[in-house]
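I have placed the structure first, in the form of structure tokens, so that the comments after it can refer back to it.
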Amino acid sequence: MSTFLIRYGEIALKGANQGFFLETLRRNVLAAVDDLGPAQATQAFGRIIVSVDAEPDAVEPRIRKVFGVVSFSPVRVAAPEPVAITDAVVAVAGSALQAHPSIETFKVDVRRADKRYPDPSMDTASRLGAEIRRTYPHLRARMKQPDLLVRVDIRAQAFVSSHTVAGPGGLPTGTGGRALALMSGGFDSPVAAWLAARRGLTVAAAHFHSFPFTSERAREKAVDLCRVLAGFTGGLDLWVVPFTEIQRAVQQHVAEPMRVIVLRRMMMRTADVLAARLHAHALITGESLGQVASQTVESIAAINAATTLPVLRPLIGWDKTEIIAKAQVLDTYEISARPYPDCCSLFVPAHPRTQPSLAEAADAEADLHVTELALDAAARAEKTRIDRTVAVVG
Amino acid sequence: MYAGRGTIRTEMATLIYLDNAATTRPHPSVVDAMAYALTEAFGNPSSLHGVGIAAERVVTAAREAVAASLGVAPAEIVFTSGGTEANNLAVVGAARAARGPAPSEATRRRHLVVSAIEHASVRTPARELTADGFEVTELPVDAEGRISAADLAGALRPETAVVSIMAVNNEIGTVQPLQDLAGVMRAHRAAGGRAVLHVDAVQAWGKIPLQPARLGIDLLSISGHKVHGPKGIGALYVRRGVRLAALQRGGDQEHALRPGTENVPGIAGLGAAARLILADGHAAAAEVAGLVHRLRDQLRRIDDIRVNTPQTGAAPHILNVSFPGARGETLLHRLEMDGIYVSTGSACHAHRPEPSHVLVAIGRSPDEAMSSLRFSLSRFTTEAEIEAAASAVAAAVADLRALAR
């Protein structure tokens, strides 16, 4: 059995609907761990306590991915009375020493949220410190930068911990409405989707698939990227949108320099139709200002005009190096780095138009049945449910 | 639904597999031989008891079959994990053996000769040997991908340790004039040279006659899965008396050249594949050659194509063709929609086209190289499949060329 004390930041600032946010977070935490073993999660005194019948090492990586968690600590739970707390403190120090034999200095930090507990905190701390030294005489107490900091949090129960792990922050998934992320397979789109999802959105993904102009492996990239996201959100729907007919039509009927802009506009139109079907209120893209020809502010204006939905662009001010660094942290980098071209990298004209006006874009697609093409592609989109758990091969 | 098993389009009515130079479908007799090795003869060939002896018998029988298919002695066959390991063992093992122990600087032989179109499993170890002080001479090829005997003669030196030449090129199918090259090697030895000749025969085994002993080839690599055997198994022919340094250390299996418990199921499968070659390899190859000839004729009807496989002196199973104006990778996927599976001549990455080093070596332009497809047939290929494939290719090329305009 392992127990964790979870801290949330921003949610505490919420007003009347704080209860909704907390309850969603509690349920998300529970859902993130309950396949590991019987689990329960409760909230009290500004914390969430989760207990799982599983090893802490298995539970920790799960909680680390729950949006809304600011930080958390594996804790030992004791009854709020001196003997039990002392035993817990000595045990926590013991396991910290086992994991890090080089520890030489320590400090005990006591907080009493429950002031009914008799001892003033400082007295309790020095008494507990003396107990640690009696059991481990080679340790020295040190107030500043100790090797080991044992925290004792006395509430309805006492929670004793020796280390704190950072969570992803943000808001609990499911508290922020729905949005549809355009997922190409490159570096940017998964990072953008992650950032948007971290604000509590329920994210679905759309991947535009242009077989035979792209390979099946491009689609697998999108699936694998969504699996990484599912580790944070608990699961998501990936919509694979057949885009071959639109690619062909654009190739045949649109002048070369305008093809990328028109393709992007067609993606927006198709995503717009799909979003309506999914009751999604926004689109999410990985656009970053000035990164490529289609990401000048003029191009973005022309592309944006193809949808009436708000387009969230969490990476708009990011540099490529920052995006790559984030992708490495999120573990999407290796997947995005696979060499299979997605449908954006094929048919790239030698000299794409970088500052198209909206009128130019409309003119360029005059020979396309844009609405019919978008409706048709969205209608034929296929949904795959991507779960957090690793798919079983077979 | 995605289940991690990949996306072989099983719902497709047809599956015309023309990528046999990449790998082949295992023959039922291979599957049977492996099943026996896995279920009955599962012992360790080194064990003293009966279960071990049963496994040893499997290995011995396979060794005899492989040796017979090459006309060599069973003791000259070393089983490896495949063609790549056989090539590494040959090139690096022979180079290290020739370098000899210090101190006699004069007896050290630190020169290698390879062709410009060798497989990566020869080129890369050869290149890495330069870090050990070896010098590598790369022999050029002509417009058909062939090495000249004169070039080899010019490259050989008294201190040459290893010459490595592939029998059949894996991309375009060109057969090297092994007889002429072996003649040059004989002259080199007559003049006091001591270089060993290694032949990468991975694409040649079972396709063209190979008589390493008669030609004076010292080392020859083969692989199981190119000839309807299993993956993960191959062999190196090591002519008696040729010195090799092992690349890994352990027990004394395979004359200590390849220590480790034998891959008995793989070896059983390789033996079964060798028996297929012995039984009717020549006839099967002739039949495949007829089909390739037919495919070539059919594809010639498409405008503006370039056949990269030579008309004569090519392996029976490979046909490499460029379709300028259509991208090889897109063509491949377009054919996949019709249930036809081929290979591109050149790998292509998003913004980083990498034309094949072989097609570049025979003088193809980047556009020709990037638009090439390799069709490779097997004994399972039928005439109807070739007809269907040829018309599908014509339609796909027309379609993509129209789009590219």
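The values are calculated or read from the model by the stated rules, or taken from the named source; none is laboratory data. If you're wondering where the values come from, they're calculated on a predicted model, not measured in any experiment. We place every Cβ from the backbone using ideal geometry, glycine too, and count neighbours over all the protein chains shown. Keep in mind that these areas ignore ligands, DNA and RNA; they rest on the heavy atoms of the full protein, side chains included. Shrake-Rupley method; radii C 1.70, N 1.55, O 1.52, S 1.80 Å.
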- Query: For B:Pro140, which of the numbered conditions (1) closer than 22 Å to B:Arg189 by Cβ; (2) exposed (fewer than 15 other Cβ atoms within 10 Å of the Cβ) fails to hold?
  - Reply: (1)
- Query: Conditions: (1) closer than 28 Å to B:Ala22 by Cα; (2) crowded, with 18+ Cβ neighbours inside 10 Å; (3) in contact with a strand residue (DSSP E or B) (Cβ under 9 Å, 6 or more places away or on another chain); (4) not charged (D, E, K, R). B:Phe134 meets all but one. Number of the miss?
  - Reply: (1)
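Conditions (1) surrounded by fewer than 24 Cβ atoms within 10 Å (Cβ to Cβ); (2) part of a helix (DSSP H, G or I); (3) in contact with a helix residue (DSSP H, G or I) (Cβ under 7 Å, 6 or more places away or on another chain), marked per residue:
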| site | (1), (2), (3) |
| --- | --- |
| B:Arg240 | yes, no, yes |
| B:Ala245 | yes, no, yes |
| B:Arg249 | yes, no, no |
| B:Pro259 | yes, no, yes |
| B:Ala268 | no, yes, yes |
| B:Asp280 | yes, yes, no |
| B:Ala283 | yes, yes, no |
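For (1) open to solvent by 20 Å² or more (accessible area, probe 1.4 Å); (2) within 16 Å of A:Gly234 (Cα to Cα); (3) in contact with a Cys (Cβ under 8 Å, 6 or more places away or on another chain), each residue gets a yes or a no:
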{"residue": "A:Gly176", "(1), (2), (3)": "yes, yes, no"}
{"residue": "A:Ala179", "(1), (2), (3)": "no, yes, no"}
{"residue": "A:Ala192", "(1), (2), (3)": "no, no, no"}
{"residue": "A:Ala196", "(1), (2), (3)": "no, yes, no"}
{"residue": "A:Thr202", "(1), (2), (3)": "yes, yes, no"}
{"residue": "A:Ala206", "(1), (2), (3)": "no, no, no"}
{"residue": "A:His209", "(1), (2), (3)": "no, no, yes"}
{"residue": "A:Pro212", "(1), (2), (3)": "no, no, no"}
{"residue": "A:Glu216", "(1), (2), (3)": "no, no, no"}
- Qualifying position, being in a loop (DSSP other than H, G, I, E, B), among the small types (Gly, Ala, Ser), free of Cβ contacts under 8 Å to residues at least 24 places away in the same chain and open to solvent by 10 Å² or more (accessible area, probe 1.4 Å), among A:Gly317, A:Gly290: A:Gly290
- Candidate set: segment A:229-249, residues that are among the aliphatic types (A, V, I, L, M) and crowded, with 23+ Cβ neighbours inside 10 Å; chosen: the one farthest from A:Pro61 (Cα to Cα): A:Ile246
- Residues (open to solvent by less than 20 Å² (accessible area, probe 1.4 Å) and of a type in the set (D, E, K, R)) located in segment B:195-218: B:Asp200, B:Asp218
- Query: Here is a list of conditions, (1) touching a residue at least 12 places away in the same chain (Cβ under 8 Å); (2) within 20 Å of B:Arg96 (Cβ to Cβ); (3) open to solvent by 60 Å² or more (accessible area, probe 1.4 Å), and B:Lys231 meets all of them except one; can you say which number that is?
  - Reply: (2)
- Message: If B:Arg9 satisfies all but one of (1) at pLDDT below 95; (2) away from chain A (no Cβ under 14 Å), what's the number of the condition it fails?
- Response: (2)
- Message: Take residues that are more than 23 Å from A:Lys326 (Cα to Cα) and within 13 Å of chain B (Cβ to nearest Cβ) and tell me which of the helices (runs of 4 or more DSSP H) falling wholly in segment A:213-278 contain 3 or more.
- Response: A:244-253
- Query: Just a yes or no: is a residue in segment B:291-304 away from every other protein chain (no Cβ under 14 Å), in a helix (DSSP H, G or I) and modelled with pLDDT under 95?
  - Reply: no
- Query: Out of (1) within 14 Å of chain A (Cβ to nearest Cβ); (2) open to solvent by 10 Å² or more (accessible area, probe 1.4 Å); (3) in a loop (DSSP other than H, G, I, E, B), what's the single condition that is false for B:Leu332?
  - Reply: (3)
- Item | Out of B:Val91, B:Val78, B:Val59, B:Val66, sole residue that is of a type outside the set (Phe, Trp, Tyr), more than 30 Å from B:Val113 (Cα to Cα), open to solvent by less than 20 Å² (accessible area, probe 1.4 Å) and in the same structural domain as B:Ala256 (by TED's automatic domain parsing) | B:Val59
- Item | Condition broken by B:Val163, with the remaining ones in (1) open to solvent by 10 Å² or more (accessible area, probe 1.4 Å); (2) farther than 25 Å from B:Thr344 by Cα satisfied | (1)
- Query: Of all residues in segment B:347-373, which are at pLDDT below 90, open to solvent by less than 30 Å² (accessible area, probe 1.4 Å) and in a strand (DSSP E or B)?
  - Reply: B:Cys348
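Residue-wise test of (1) in a loop (DSSP other than H, G, I, E, B); (2) at pLDDT 95 or above; (3) more than 16 Å from B:Asp142 (Cα to Cα); (4) in contact with a Cys (Cβ under 6 Å, 6 or more places away or on another chain).
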position: B:His188; (1), (2), (3), (4): no, yes, yes, no
position: B:Val199; (1), (2), (3), (4): no, yes, yes, no
position: B:Ala204; (1), (2), (3), (4): yes, yes, yes, no
position: B:Pro209; (1), (2), (3), (4): yes, no, yes, no
position: B:Arg214; (1), (2), (3), (4): no, no, yes, no
- Message: Going by what's in this entry, would B:Arg239 be described as at pLDDT below 95 and not assigned by TED's automatic domain parsing to the domain that holds B:His317?
- Response: no
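Can you go through A:Phe21, A:Phe45 and tell me which one is surrounded by fewer than 19 Cβ atoms within 10 Å (Cβ to Cβ), at pLDDT below 95 and not basic (Lys, Arg)? Quick ask: steps written out before the conclusion?
Working: A:Phe21 fails: surrounded by fewer than 19 Cβ atoms within 10 Å (Cβ to Cβ).
Result: A:Phe45 is the single residue among A:Phe21, A:Phe45 that is surrounded by fewer than 19 Cβ atoms within 10 Å (Cβ to Cβ), at pLDDT below 95 and not basic (Lys, Arg).
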- When B:His119 is evaluated against the numbered criteria (1) within 26 Å of B:Leu377 (Cβ to Cβ); (2) buried (at least 23 other Cβ atoms within 10 Å of the Cβ); (3) at pLDDT below 95, which criterion, by number, is the only one it fails? (2)
- From the options A:Leu5, A:Leu36, residue that is modelled with pLDDT of 90 or more and out of contact with any helix residue (DSSP H, G or I) (no Cβ under 9 Å at 6 or more places or on another chain): A:Leu5
- Message: One residue is enough: does segment A:67-80 have a residue meeting the conditions open to solvent by 70 Å² or more (accessible area, probe 1.4 Å), farther than 24 Å from A:Leu201 by Cα and assigned by TED's automatic domain parsing to the domain that holds A:His138?
- Response: yes
